[in-house]
Amino acid sequence: MSSPFLETLSGELATLRPRMEAVSWSIHARPELKFAEFHAQQVLTGWLVESGFTVTSGAGGLDTAFVALHQGPEPGPYVAVLAEYDALPGVGHGCGHNLIAAGGAAAAIAVVRALPTHPGTVAVIGTPGEEMGGAGKVKLAEAGVFAGVDAAVMFHPGDRWLTGRPGLAAAHLRVAFTGVSAHASVSPWQGRSALAAAQLFLNAVDAMRQFVPPTARLHGIVSDGGQAPNVVPARAAVDLYVRDRTAASAEALVERVRAAAAGAALATGTEAEVSETGPLYAERRNNAVLAERFGEAVRALGADIGPYDPDSPAGSSDIGNLSQLMPVIHPYVQITDAGTPAHSDAMREAAATPLAHDRTQVAATGLAEVVTELLTEPAVLAAAQAEFEEAVM
Ligand SMILES: [Zn+2]
Ligand SMILES: [Zn+2]
């Protein structure tokens, strides 16, 4: 059973819809990369201040982060709705974070409009830099921004409705090769090509692929391939992500990748240096109690949402790290045809349609319902925490 507030929350979200849609479009039209999301931050915090929230911008030492708080008159749980708002190079809002941000803020605003004297604290925490290994949530957690938060909720747009799916652990590596420059025609034998090392390294990674767990993903780009065809490249670099079901497994694969880099360097007379471009993303733990509360709410609103799918193909997110610290949910909301790939031009276009905003309105109502239950029904928070503690042990 959903809470007695679901109908009220649904009405509030209908009222908030035009503003939610305007905020979403505004963010979508001005895609900003990790830690440069100043426009999105301003649009979101402006709306939250108008709605009675107390906003701290630049929370946790990240310029584009924010914490928006609405405190009730009585003590009680501290529940956070998470807003991501960064875009991707090349495909802009091809991950649909404009919908996460606008829908998340709308959900929290709906709660405080429906329950102006709610117990405890409702927060919107703006978590920048989720894409490209930015690890904004990891940095905010390390800075203490999540201290005291009892549970955190968000949704993610996609090509299907699911209460949850796995998120892989991911290491973000840069493999830099250093060789010796020389004229590529007059005296190439005086040079040692860092690009040749990068090529050999990528071939070695390809050769490993058959012999890693089926759940692992190794993928990268040549981020530096030299400067000119007539100069033997003294420097080259590969940016590589190494992912698998658990942090332990991903870390074991990183050791094999390091060996491959050393081998490529040895073969080409160059040197390899492997560094991490950002913190490891931990595997995701979905809180089944809260995910099912979300599922029940959106089902009541007509969404055909499926259960947690352990076999669903997975990406990675810094929500994984947060899920090791507190109960979290990260359900998926269908905004377009099944089979539409994430991180694509097609998903960017899908993230700005009326259908996407219809679905975001439903998802925001679902989040508002979960927040309301966490604030007003002690048994829901207790069950979520019990599940979390059990999984930790
Ligand atoms: Zn993404
Ligand atoms: Zn995303």
Mind listing whichever residues of segment 216-244 are farther than 22 Å from Glu273 by Cα and in contact (Cβ under 8 Å) with a residue 60 or more places away in the chain? Asp244
Kindly provide the set of residues from segment 117-129 that are of a type in the set (Gly, Ala, Ser), within 16 Å of ligand 2 (Cβ to nearest atom) and either under 11 Å from Tyr78 (Cβ atoms) or not in a strand (DSSP E or B) (or both), ordered by number. Gly129
Top-ranked residue of segment 59-111 - restricted to ones that are in a loop (DSSP other than H, G, I, E, B), over 13 Å from Ala351 (Cα atoms) and within 16 Å of ligand 1 (Cβ to nearest atom), ranked as nearest to the chain's Cα centre (by Cα): Glu84
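Yes or no, residue by residue, for (1) of a type in the set (Val, Ile, Thr); (2) buried (at least 18 other Cβ atoms within 10 Å of the Cβ):
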| position | (1), (2) |
| --- | --- |
| Gly52 | no, no |
| Thr56 | yes, no |
| Pro73 | no, no |
| Gly96 | no, yes |
Hey, can you tell me all the residues within segment 328-345 that are out of contact with any His (no Cβ under 7 Å at 6 or more places or on another chain) and assigned to a loop (DSSP other than H, G, I, E, B)? Pro331, Ile335, Thr336, Asp337, Ala338, Gly339, Thr340, Pro341, Ala342, His343, Ser344
Can you name the condition, by its number, that Glu131 falls short on among (1) within 16 Å of ligand 1 (Cβ to nearest atom); (2) over 30 Å from Ser312 (Cβ atoms); (3) not aliphatic (A, V, I, L, M)? (2)
Please state which one of Thr178, Thr121, Thr117, Thr127 is among the β-branched types (Val, Ile, Thr), crowded, with 24+ Cβ neighbours inside 10 Å and modelled with pLDDT of 95 or more. Thr127
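Against the condition away from ligand 2 (no atom under 16 Å from the Cβ) and crowded, with 19+ Cβ neighbours inside 10 Å, how does Leu48 come out, does it pass?
yes
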Just to verify a result, which residue in segment 346-362, among those that are among the small types (Gly, Ala, Ser) and assigned to a helix (DSSP H, G or I), is surrounded by the most Cβ atoms within 10 Å (Cβ to Cβ)? Ala356
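From Met154, Met132, which residue is crowded, with 24+ Cβ neighbours inside 10 Å and within 15 Å of ligand 2 (Cβ to nearest atom)?
Met154
Within segment 365-387, can you find the residues that are in contact with a Lys or Arg (Cβ under 8 Å, 6 or more places away or on another chain) and buried (at least 21 other Cβ atoms within 10 Å of the Cβ)?
Glu369, Val370, Glu373
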Condition first: outside any helix (DSSP H, G or I), more than 16 Å from ligand 2 (Cβ to nearest atom) and within 23 Å of His172 (Cα to Cα). Can you find one or more residues in segment 296-317 that meet it? no
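The values are calculated or read from the model by the stated rules, or taken from the named source; none is laboratory data. Computed from a prediction, not measured in an experiment: that's the story for all the values here. Here Cβ is always computed from backbone atoms with ideal geometry, including for glycine, and neighbour counts include all displayed protein chains.
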